[in-house]
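The values are calculated or read from the model by the stated rules, or taken from the named source; none is laboratory data. Treat the numbers as computed from the prediction; the structure is a model and nothing was measured. All Cβ positions, even for glycine, are placed from backbone atoms using ideal geometry, and neighbour counts span all protein chains on display.
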């Protein structure tokens, strides 16, 4: 077995985020880490978050920092990873990629507690940095430039103690003339003198200030003091006027200002008034908002989402100032970043990331709204500050970055009978949980929709002048109406215009702006408007006009007799006919003119789709005066062309940055889109072309703008967009209704969009999150989802939810709105349940429910709540004895975290009536019913470590058989025919069969390797796919001899041993790959109708991927060879400065070593590595292709085909 691994959607969780000027343009950008990938984000003036670059690291990013190196004009990013190396990278805006500046090895590979890399802090002036491990090691580096102005790092400075734990490390802000200084929270421990197997004896935590001696290259401790044992976070404080510095030490329920020059100041952290006193509050993240004179203002967040304003002032002649005020309550963040001094990016722990806008002056003037509660503690009254949380007052939501993290479950099916499959993901945690519907297609926002008096057939936009940034008019061509051309003005409202100069009773073929002229091409000729006046037509037509196309200076007009007139815009602003093109074709059905460029004032060629010599051809015709109307090249077509368009792209070649490349797109009548390369200088068409079926209707091509770059809309029975994104040419469908016609649209309210015709109405659309190939629809949940299952024959989805240590009712009573059955919030003066969070209830307490959701409207139709100590863990749809649809839910009572046993459990049986469930009965269990599955008219239930078979009775489940051959906890059960695949939580798979004669389970095969399973899925009768908690994805298969034995009745091997691993046969591992994050969802399915079936998986960081099988041995050999070449020297990527670094990992990690993290990679070709072929310069692409015996275009086509085959 050989599989092709492909990432469908990169992880969306943000593990680290840093701010800096990375592009060198003077603006602040954000670099975020997504576990094994890094991304560059930018917030534009409208508050939109744009993704500039997203690169795979083939390594796990452990820590990140940003600083400007000496002599650099932009900031660099410092990365530590599981490679055991420090990487300094910078962003190359010409190549639109990150490039490595320096690489330094500091330790072993892997995420180990004694290997540095878990903590990283960089001096603000880029002079030094420190790297710390969880335990024992602290390493410092100076950053210097050599004579060639290249970055060099002297030998590292080590400060090691064998029994020391680092909690947090940060850099301190000081004057540039002073040596760099760093602060850390440390704790020392010694082994227990009484028993070496007991917990060590831990001393008090302390804060240490380290100073880097630049002259002697040493790391010296300048300050050392004991602090609170619950201290977890350091916030550096600096007064740029006095030069004083210090740190804010955050601990449970308090913060302390500590400076070497003054006494400590301690403040209690304000807490919610309804929060129990035994529940502590700690600060988990912070960001510097600004500095006013000697006052530093921070925005900090606690572990339940409350935002505070912390003000600090270090003064020489007066007492230091420390204050804290409550601001708002938002979701808990992993990190916070402020950009443009008015936007706060909240990188959420779970769920969507949020961009807030705020006023710095308004936040800076917040006055105290905090009350005091007196509490007696150790015979002393203590005033505890408290507040009531409220709705957002100082921060306003501007935009959300959709995040699937964490995906805790997944289903792939065509629930809506659309012909394509949808991916249903269970996402989030606690009150920020949701079930999301993912469809393959770009997300579209409907800005406006308007009904017209009659049926529209075409639409265009007009600018008053070609230099105007926005459109002024919308022109609609109508059918079956006396007014065939309708003109609408664009403003705050869209209104009809009467005096526009265009011919209202003529059927328009095209509308365009050339220079300062508005041009209407209609069936009888051309209407030209300039300065509000009509200009005599430059074109005399003897036959009706059927086609027209233009660029900024040239126009082609084709008549029914196949003759095409060529017109040019002269320097006086007058449109003149220059000649007629006649290629002796029987029919011309599509035309295009080459666009202008910086070096060309006129396009050299016209491209025509024509019928000649009993075949359809694509003809390239010269427009040059010396060879006018001569055919310089042609390409035979598969069918009648319906439209032609040229799209300019840009190569990522480092040798020729910015080199323009044209792609020639041809839409055919049979719904197929062709793409080929075109040389705009010579008119040569590449013989290599790519095709893709877009639908059943003829393909119409429309040139539009996407993120200020040229793109193409391809309209068929489904609409597609061809666009350039982060160095790749992409073709993705739109997740929207079928469009009959579309045109580019731009206004002040919608800078980039489309005006289109769909279902007889006029609509204005815009794209969001360009580059994400899945659109999302979300239904909110109240608790963490565990499993889901559809109700057969309906669009209803059942979801079981449960949260530990949660008292949802208390949270709702204390000021949160319940997510009701309609998914709407309650009273407006209460804080939403999603923002407020939950109240802790203690170990063994659960909030749990079964929810029925109408996936058409994303509305909850029924919610069944369980008792406070009951956790819903398993869900299964079944069929009763009379064919009725039943639903089984397994719950556990009194389950405590970290334990495999509970006091009791139940299996609830519900009958289905429409969209509602009715309880039939519940059956008590003596263990945890973690898995339920149908099997030959009965149900299999994994109760603790026992596998049981039940028959569904009228009053309870009736036990028929039991097997206790499993050592831990049964976490999954799947069936294929008479075979049963049982997954143990720590011992991988066992394969059984039920023997009806002896009424027993027979164990005939099991995995030889112990695995901690997180997801599983049977692929066929002999094969099962699984994933473990360490991030490994594997496929096991029954040996051939065992499979042959099973074909004979009664040949299964039965064992009476109660011990696991007593089967005669062991499963063979046929495929294995390290994903880099835990896989929690796994299913075999196709994603599009007629597409290849693959193993689709979802990860804890919100990523989606697939393992698809190869269809031929030739493809296997080709991609294995390509993978080997890209791992070698031919895969080295060069920068514009002739610096090179090993491809593909920015962090210096070996790709094969990364994919073989726990076990050797086997039977899988890394598609993410193969797709780095597109990022190589053209010289290396030719070398790789030559080794494969192909051209670079052929190699790129095969790589693209593997993704197209799946999507």
Legend entry - Total residues in the range 872-922, condition more than 25 Å from residue 975 (Cα to Cα) and either in contact with a helix residue (DSSP H, G or I) (Cβ under 7 Å, 6 or more places away or on another chain) or in a loop (DSSP other than H, G, I, E, B) (or both): 11
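State whether the residues of the range 757-777 include one that is touching a helix residue (DSSP H, G or I) at 6+ places or on another chain (Cβ under 8 Å), part of a strand (DSSP E or B) and closer than 17 Å to residue 434 by Cα. Show your work before the answer.
We begin by selecting, within the range 757-777, every residue touching a helix residue (DSSP H, G or I) at 6+ places or on another chain (Cβ under 8 Å); these are none.
The answer is no, given that none of the residues of the range 757-777 is touching a helix residue (DSSP H, G or I) at 6+ places or on another chain (Cβ under 8 Å), part of a strand (DSSP E or B) and closer than 17 Å to residue 434 by Cα.
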Inset, instruction - List the strands (runs of 3 or more DSSP E) that sit entirely inside the range 342-431 and contain at least 2 residues that are touching a residue at least 12 places away in the same chain (Cβ under 8 Å) and touching a helix residue (DSSP H, G or I) at 6+ places or on another chain (Cβ under 7 Å). - result: none
Legend entry - Unmet requirement for residue 298, which otherwise passes all of (1) more than 17 Å from residue 354 (Cα to Cα); (2) in contact (Cβ under 8 Å) with a residue 12 or more places away in the chain; (3) surrounded by fewer than 19 Cβ atoms within 10 Å (Cβ to Cβ): (3)
Inset, instruction - Given the conditions (1) farther than 30 Å from residue 505 by Cα; (2) modelled with pLDDT of 90 or more; (3) within 42 Å of the chain's Cα centre (by Cα), report the number of the one that residue 585 does not fulfil. - result: (3)
Legend entry - Tally of residues being over 21 Å from residue 898 (Cβ atoms) and part of a strand (DSSP E or B) across the range 934-945: 6
Inset, instruction - Check 668, 713, 701, 731 and return the single one that is modelled with pLDDT of 90 or more, buried (at least 17 other Cβ atoms within 10 Å of the Cβ) and in contact with a helix residue (DSSP H, G or I) (Cβ under 9 Å, 6 or more places away or on another chain). - result: 731
Legend entry - Residue among 1187, 1194 that is surrounded by fewer than 16 Cβ atoms within 10 Å (Cβ to Cβ), at pLDDT 90 or above, out of contact with any helix residue (DSSP H, G or I) (no Cβ under 6 Å at 6 or more places or on another chain) and assigned to a helix (DSSP H, G or I): 1194
Inset, instruction - Please find, within the range 514-542, the residue that is surrounded by the most Cβ atoms within 10 Å (Cβ to Cβ) out of those that are in a loop (DSSP other than H, G, I, E, B) and at positive phi. - result: 515
Inset, instruction - Quickly run through the range 609-634 and pick out the residues that are in a loop (DSSP other than H, G, I, E, B) and in contact (Cβ under 8 Å) with a residue 24 or more places away in the chain. - result: 623, 628, 629
Legend entry - Odd one out for residue 511, checked against (1) touching a strand residue (DSSP E or B) at 6+ places or on another chain (Cβ under 6 Å); (2) surrounded by fewer than 17 Cβ atoms within 10 Å (Cβ to Cβ); (3) within 26 Å of residue 572 (Cβ to Cβ): (2)
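Identify the residue in the range 1157-1207 that is closer than 30 Å to residue 1035 by Cα and without any contact (Cβ under 8 Å) to a residue 24 or more places away in the chain and, among all such residues, is farthest from the chain's Cα centre (by Cα). Give the derivation first.
Pass one, the range 1157-1207, residues closer than 30 Å to residue 1035 by Cα: 1157-1174, 1188, 1195-1207.
From the residues that got through so far, the ones that are without any contact (Cβ under 8 Å) to a residue 24 or more places away in the chain too are 1196, 1201.
Working: 1196: 24, 1201: 22 Å.
It comes out as 1196.
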Inset, instruction - All but one of (1) free of Cβ contacts under 8 Å to residues at least 60 places away in the same chain; (2) surrounded by fewer than 17 Cβ atoms within 10 Å (Cβ to Cβ); (3) in contact with a strand residue (DSSP E or B) (Cβ under 9 Å, 6 or more places away or on another chain) hold for residue 466, so report the exception by its number. - result: (1)
Legend entry - Hits in the range 958-980 (condition: surrounded by 23 or more Cβ atoms within 10 Å (Cβ to Cβ) and not in a loop (DSSP other than H, G, I, E, B)): 970, 972, 973, 980
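Among the candidates 503, 438, which residue alone is over 27 Å from residue 564 (Cα atoms), out of contact with any helix residue (DSSP H, G or I) (no Cβ under 9 Å at 6 or more places or on another chain) and surrounded by 15 or more Cβ atoms within 10 Å (Cβ to Cβ)? Before the answer, list the steps.
Numbers: 503 fails: over 27 Å from residue 564 (Cα atoms).
Criteria check complete, one pass: 438.
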Inset, instruction - Give the number of residues within the range 255-280 that are over 18 Å from residue 313 (Cα atoms) and surrounded by fewer than 19 Cβ atoms within 10 Å (Cβ to Cβ). - result: 8
